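Quick one: the structure is below, and I'll ask about it shortly.
The values are calculated or read from the model by the stated rules, or taken from the named source; none is laboratory data. Because the structure is a prediction, the values reported are computed rather than measured. So basically every Cβ, Gly included, is an ideal-geometry build from the backbone, and we count neighbours across all protein chains shown.
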Amino acid sequence: MQSRPRDLSDAVVAAAVSDGWKLPQTTARYQPVGYGSHHWLVEDTAGGRWFASVDELAEDDPEASFDRLGAALAVAVTARDTNLSFVVAPLRTPDGAVLRRLPKRYALALYPYVTGQSGRFHDTLTSADGVELIGMLCSLHSVAQAVSMASVGVRAETFAIPDRDRLEIALADLDAVDGWPGPYGERLRSLLARHADDVHRTFREHDRLVAHAGPQEDRLVLTHGEPHPGNLIRTPEGLALVDWGTALLAPPERDLWMLDARTGGQTSAEYVIRSGCTLNPRLLSRYQLAWSLADLAIFVELLRYTGEETADTAWSWDALQRTLHDLVTVPGTPR
């Protein structure tokens, strides 16, 4: 995130890291990178460096939100411990935890500092990077066959769109007599009103694809969920994969749709050859639609209720407009 939490100081983060992971006295400096989580560079006087990630827990059920995030991060630890060296997993505290609670509904995870070149979401993967990433995903997708994911509480795919109900409530409230408050309220409502039919049609198409695919219980593998260039770090040892907060047992298409869309199907072909697993084109389409719908729900919820304009809300507004454009132009979306 570009804007730091106003109620979480560097000193609080540094103290929580030192106390939770039993490190020498540390300092923390906020890093305006990424989206969704807040990040700090943590250092000690001996030259040690770590990367701290802080997530804001769901307001309606922070305990459940904390447990879900902890389970996903524990999966990353399990994957790393099965000799997947490309997995950048959080460090456990001395008592074995991967997360620590902070004040104001925050959760803190600590990671080793990885030296390398970080990517960005829209970066183009080279052919060599694509081949390496497919090999990483093949290894990751085989982990569920080697260890019991239930032992670390990993969740399984339900094909639900996060916060779908809130987005549908917003769509039903477009004719509100008093308008929508806040700096984005009226322009947000006007934008959604122009695209409401498109969003409803896309939800119907998503649901049709899910119904056609069925439960997929016999095809679930361990997935990262967002293996795009923005979650890759190029290191001297090869690519490293970060940001495991969305790890899930799911069909392999969950990790492949975005790469496939960017490479014109070459990713699917390479994956099938190397894994021996046949991919379902309808599920690739479903995950593409689900990504846009989930982003839409996040951006609408943020912008509808924000009371101020920040670097993050400005970025979200631009991203919302791009998402709505993509929503009605991706292949397979009904017009």
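For segment 28-66, give me each residue that is surrounded by 15 or more Cβ atoms within 10 Å (Cβ to Cβ), over 19 Å from Ser118 (Cα atoms) and out of contact with any Leu (no Cβ under 9 Å at 6 or more places or on another chain).
Of everything in segment 28-66, those that are surrounded by 15 or more Cβ atoms within 10 Å (Cβ to Cβ), over 19 Å from Ser118 (Cα atoms) and out of contact with any Leu (no Cβ under 9 Å at 6 or more places or on another chain) turn out to be Glu43, Glu56, Ala58, Pro62.
Looking at this structure, is Arg304 surrounded by fewer than 17 Cβ atoms within 10 Å (Cβ to Cβ), assigned to a helix (DSSP H, G or I) and over 17 Å from the mean Cα position of the chain (by Cα)?
no
Quick one: in segment 159-181, of everything that is in a loop (DSSP other than H, G, I, E, B) and touching a residue at least 40 places away in the same chain (Cβ under 8 Å), which residue is farthest from Leu320 (Cα to Cα)?
Phe159
How many residues, within segment 11-27, are surrounded by 13 or more Cβ atoms within 10 Å (Cβ to Cβ), touching a residue at least 40 places away in the same chain (Cβ under 8 Å) and not hydrophobic (A, V, I, L, M, F, W, C)?
The qualifying residues number 1.
Restricting segment 31-51 to residues that are of a type in the set (Val, Ile, Thr) and within 30 Å of His122 (Cβ to Cβ), which is modelled with the highest pLDDT?
Val42
Also, I was wondering about something else. Does segment 182-198 include one or more residues that are touching a Gly at 6+ places or on another chain (Cβ under 8 Å) and without any contact (Cβ under 8 Å) to a residue 12 or more places away in the chain? Let's see the steps before the verdict.
Step one: filter segment 182-198 for residues touching a Gly at 6+ places or on another chain (Cβ under 8 Å), giving 182-183, 185-186, 189.
Add one more test, that the residue is without any contact (Cβ under 8 Å) to a residue 12 or more places away in the chain, and what stays is 186.
Yes; the residues of segment 182-198 include at least one that is touching a Gly at 6+ places or on another chain (Cβ under 8 Å) and without any contact (Cβ under 8 Å) to a residue 12 or more places away in the chain.
Also, quick follow-up: Filtering segment 78-92 down to residues that are in contact (Cβ under 8 Å) with a residue 60 or more places away in the chain and surrounded by fewer than 18 Cβ atoms within 10 Å (Cβ to Cβ), which residue is nearest to Tyr113 (Cα to Cα)?
This residue is Leu91.
Of all residues in segment 307-323, which are at pLDDT 90 or above, part of a helix (DSSP H, G or I) and either more than 18 Å from Asp198 (Cα to Cα) or within 19 Å of the chain's Cα centre (by Cα) (or both)?
If the condition is that a residue be at pLDDT 90 or above, part of a helix (DSSP H, G or I) and either more than 18 Å from Asp198 (Cα to Cα) or within 19 Å of the chain's Cα centre (by Cα) (or both), then Thr313, Ala314, Trp315, Ser316, Trp317, Asp318, Ala319, Leu320, Arg322, Thr323 are the ones that fit.
Answer with yes or no whether Asp129 is within 28 Å of Cys277 (Cβ to Cβ), among the acidic types (Asp, Glu) and free of Cβ contacts under 8 Å to residues at least 60 places away in the same chain.
Here the answer is no, as Asp129 does not meet what is asked.
Does segment 35-56 hold any residues that are within 14 Å of the chain's Cα centre (by Cα) and either farther than 20 Å from Ala14 by Cα or aliphatic (A, V, I, L, M) (or both), and which are they?
Those that are within 14 Å of the chain's Cα centre (by Cα) and either farther than 20 Å from Ala14 by Cα or aliphatic (A, V, I, L, M) (or both): Tyr35, Gly36, Val54.
Exactly one of these conditions fails for Ala28: (1) touching a helix residue (DSSP H, G or I) at 6+ places or on another chain (Cβ under 7 Å); (2) more than 25 Å from Arg120 (Cβ to Cβ); (3) not basic (Lys, Arg). Give me its number.
Against the list (1) touching a helix residue (DSSP H, G or I) at 6+ places or on another chain (Cβ under 7 Å); (2) more than 25 Å from Arg120 (Cβ to Cβ); (3) not basic (Lys, Arg), Ala28 comes up short only on (2).
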